[in-house]
Amino acid sequence: NAGVIQTPRHKVTGKGQEATLWCEPISGHSAVFWYRQTIVQGLEFLTYFRNQAPIDDSGMPKERFSAQMPNQSHSTLKIQSTQPQDSAVYLCASSLGVNSDYTFGSGTRLLVI
Amino acid sequence: AQSVTQPDARVTVSEGASLQLRCKYSYSGTPYLFWYVQYPRQGLQLLLKYYSGDPVVQGVNGFEAEFSKSNSSFHLRKASVHWSDSAVYFCALSRTGGYKVVFGSGTRLLVSP
């Protein structure tokens, strides 16, 4: 079991460009979560899916961020028109189900210049 | 709504000394509680978790935590720290029947030689 896989590990984009981050959850895990981590804000919840269905996107900035889970083996987080304030580590996690602990990926470090 | 407070942003201890990292939670029901650790440039890893039973729960690498319902606390302890324990520690909670975990702001632990 390779754990939760996030690609790429590092991404540098120019201001205004699009960034797509990928997450492959652990096989058999029914829930997938996205978090953003910065020094200033700490760990911020973005969104989560259960059995591929979007359940809670209350943490997503509405205008430029979107997330999808087209199949049970991967989820994507897309940021359109990236801004310097989007620079952060984006963490993906998956869990077995209700009240289960998370397994996190190593994160994607996004730098917008 | 539930919340988790870690009152100490940074803690410094000497190698070989004992450690306690504080965690307070707010939740009206019986919580599922977790401690995670994050090493530099990695995702979060589960140290231990608690739901019921013995209020002292053992985790990996000699860590343990004690649940106190009366104090709404779930403090993390270790009898003797090693320099490799330097990391950021997160306390977290999920409500009964919930998928989503709420994280505290984290405590950065520095173990000095």
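Okay, here's what the table says:
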read-out: Charge dipole (segment B:3-112, unit charges on Cβ, about Cα centre) - positive-most of B:SER52, B:VAL88, B:SER26; value: B:SER26
read-out: Equivalent ellipsoid semi-axes, chain A, via Cα gyration tensor eigenvalues times 5, rooted, Å; value: 23, 14, 13
read-out: Spatially proximal aspartates and glutamates relative to B:LYS100 (Cα-Cα < 19 Å; intrachain offsets below 8 disregarded); value: A:GLU24, A:GLU44, A:ASP56, A:ASP57, A:ASP101
read-out: Rounded accessible area of B:LYS24 (nearest 10 Å², 1.4 Å probe); value: 90
read-out: Tensor-based shape of segment B:3-112 (alpha-carbon gyration tensor, a/c under 1.5 rounded, otherwise prolate or oblate); value: prolate
read-out: Calculated from backbone phi, Karplus (6.51, -1.76, 1.60) coupling profile of segment B:62-75 in Hz, x at Gly/Pro; value: x, 7, 9, 9, 10, 8, 10, 5, 5, 9, 6, 10, 8, 7
read-out: Distant-in-sequence amide H partners of B:ALA87 (H built 1.01 Å from N, under 5 Å); value: B:LEU109
read-out: Whole-number percent relative contact order across segment A:30-92, with pairs defined as alpha carbons under 8 Å at least 6 apart; value: 33
read-out: Neighbourhood charge, 13 Å Cβ-Cβ cut-off, centred on A:THR108 and excluding it, Lys, Arg +1 and Asp, Glu -1; value: +4
read-out: Pairwise label distance in nanometres, B:SER72 with B:GLN2, each label 7 Å out on the Cα-Cβ vector; value: 1.3
read-out: Per-residue SASA entry for B:SER18, accessible area with 1.4 Å probe, Å² rounded to 10; value: 80
read-out: Positive minus negative residues near A:GLN85 (Lys, Arg vs Asp, Glu; Cβ under 14 Å); value: 0
read-out: The protein assembly as shown, accessible area per residue, ligands and nucleic acids excluded (1.4 Å, Å²); value: 48
read-out: Distance between modelled label sites at A:GLN68 and B:SER80, nm, 7 Å Cα→Cβ extension; value: 5.5
read-out: Residue-wise HN-Hα coupling along segment A:20-30, computed from phi with Karplus coefficients 6.51, -1.76, 1.60 (Hz; x: Gly, Pro); value: 10, 10, 10, 9, 10, x, 5, 4, x, 7, 8
read-out: With all protein chains modelled, accessible area of A:LYS78 [1.4 Å, Å²]; value: 70
read-out: Over 27 Å (Cα to Cα) - which of A:LYS15/A:LYS62; A:LYS62/B:LYS69; A:LYS62/B:LYS24; A:LYS11/A:LYS62 fall in this group; value: A:LYS62/B:LYS69; A:LYS62/B:LYS24
read-out: Most mobile listed residue (A:ASP101, A:ASP86, A:ASP57) in chain A, GNM with C-alpha springs under 10 Å; value: A:ASP101
read-out: Length-normalised contact order for segment B:3-112 - Cα pairs under 8 Å, 6+ apart - percent; value: 38
read-out: The protein assembly as shown: antiparallel DSSP beta bridges as a percent of all, rounded to 5; value: 90
read-out: Histogram of C-alpha separations across the protein assembly as shown, 5 Å bin width, %; value: 1, 7, 14, 18, 18, 16, 12, 7, 4, 1, 0
read-out: Carbon + sulfur, % of accessible area of the protein assembly as shown - ligands and nucleic acids excluded, 1.4 Å; value: 48
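The values are calculated or read from the model by the stated rules, or taken from the named source; none is laboratory data. The shown structure was predicted, so the numbers you read here are calculated from the model rather than taken from an experiment. Ideal geometry is used to build each Cβ from the backbone, glycine not excepted, and the neighbour counts take in all protein chains shown. SASA here: full protein model, heavy atoms, side chains in, ligands and nucleic acids out. Shrake-Rupley method; radii C 1.70, N 1.55, O 1.52, S 1.80 Å.
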